[in-house]
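Please treat every number below as a calculation from the coordinates, not as lab data. None of these values were measured; they are calculated from a predicted model. Because the Cβ atoms are built from the backbone with ideal geometry, glycine has one as well, and the counts that use them run over all protein chains shown.
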Amino acid sequence: MKVIVAPDSFKGSLSAQEVGNAMKEGILLAQPQSQVKVIPMADGGEGTLQCLIEVTGGKFFYATVKNPRGKEIQAAYGVLGDGITCVIELAQSSGLYLLDEKERNPLYTTTFGFGQLIKAGLDRGCRRFILGLGGSATNDGGAGMLQALGFGLLDKEKQPIHDGGAELERIVEITTEHGDPRLAESNFIMACDVDNPLIGPVGASAIFGPQKGATPDMVHQLDHGLQHFANVIAQQMGIAIHHLPGSGAAGGVAGALLAFLDAPQRSGVQVVMELTKLEQEISQADLVITGEGQVDGQTAHGKTPCGVAQMAQKYGVPTIVLAGSVGQGIEKLYDHGVTAVFSILNQPFPFLKP
């Protein structure tokens, strides 16, 4: 029997490769004659960089960039095994996990470091980019990223705005003449699983702002700032990003990438499945096993187990999902090719921080 093991990471515990290796070990203990192949997965969020570099035989590199509160840190990016495709994970420079709880305030957090990582990839000679947008601590509409890439976001005094979502409502002019000219030679793909618009009741601020530290009053201010920024972009760039599906990803970074870099948005798990040639392997398999740290109703909205199961369903291959915890709403998954869902725990366990 040929078994394909294609899990996401169990966030905070194990990488996708480590999860896959553990699953393989268990399968071979139960059925030693099985042919088991581990193909680590990700969906555009944290872990996407490591997954793609490991699977394609690429290389990691490091750059000094600003974290979401402007402190200099070392952040990783990578070049795939093809030697030409740069993978950048926004969370490496602008991720929520980089900040203590008291530092989390999207009025002041910036994506400047994300732009610096893009510049690092350009400096390394890359002109094809995969940008993973999950896990941001920001709600600045990609303003910091644009400034790092040379674009001017100016107030009424013709001065650059400062960091954070609170500054967006001060923008009166966008200048592009000093934008990095290498951007025009490059192709960008956004990898993420968010379809929220930039503004409104299901926009970036309302849905994701609270988890980044925003109070209800801050959510209103942030949404107003993004709307103003989008108005200026529409006036000067001729593209209205206000309600475009997915433009709210990463606190509005996706909207800026659409408007300024003409970057199409792709399902993160679809991008990873293509690069790892998962479909070819599944088409010859008898069973697929996937998983992630927590499986619940949200898993059906573009998360790794759902994407893998849909691929297996195409070839009539059953899919089993293993998870650290199983939440509400998993019945949705059975409409997307999932055969069964199991927790790996046989009793309650305390969460142990490393």
Residue order, fewest to most beta carbons within 10 Å, for Asp223, Asp123: Asp123, Asp223
Distance between modelled label sites at Ile84 and Met237, nm, 7 Å Cα→Cβ extension: 2.7
Fewest-first ranking of Leu133, Leu107, using other Cβ atoms within 10 Å as the exposure measure: Leu107, Leu133
Packing rank of 252-258, 26-32, 50-56, where each peptide gets the mean count of other beta carbons within 10 Å, highest leading: 252-258, 50-56, 26-32
Residue-averaged [θ]222 nm for the chain, counting only DSSP H segments that reach four residues, each worth -39500 (n - 2.57): -9000 deg cm²/dmol
Relative packing of 38-44, 88-94, which averages over residues the other C-beta atoms within 10 Å, highest first: 88-94, 38-44
Segment Tyr334-Ser13, length gained on full extension (0.36 nm per residue, minus Cα span): 112.9 nm
Computed label-point distance, nm, for sites Leu154 and His224 using a 7 Å Cα→Cβ extension: 2.6
Packing-based exposure ordering (other Cβ within 10 Å, fewest first) of Thr276, Thr299: Thr276, Thr299
Pairwise centroid distance, computed over Cα atoms, of the stretch 260-332 with the stretch 33-112, Å: 20
Derived scalar couplings ³J(HN,Hα) [the stretch 67-76; Karplus, 6.51 cos²θ - 1.76 cosθ + 1.60; whole Hz; x for Gly, Pro]: 7, x, 10, x, 7, 6, 9, 9, 10, 8
Space enclosed by the convex hull of the alpha-carbon atoms of the stretch 48-268, per residue, Å³: 104
Residue-count net charge about Gly152 - beta-carbon cut-off 12 Å; Lys, Arg +1, Asp, Glu -1: -2
Under the Karplus curve 6.51 cos²θ - 1.76 cosθ + 1.60, θ = phi - 60°, whole-Hz ³J(HN,Hα) for the stretch 301-309, x wherever Gly or Pro sits: 9, x, 6, 3, x, 5, x, 5, 5
Between helix 249-261 and the chain: long-axis angle, C-alpha atoms, 0 to 90°, nearest 10: 70
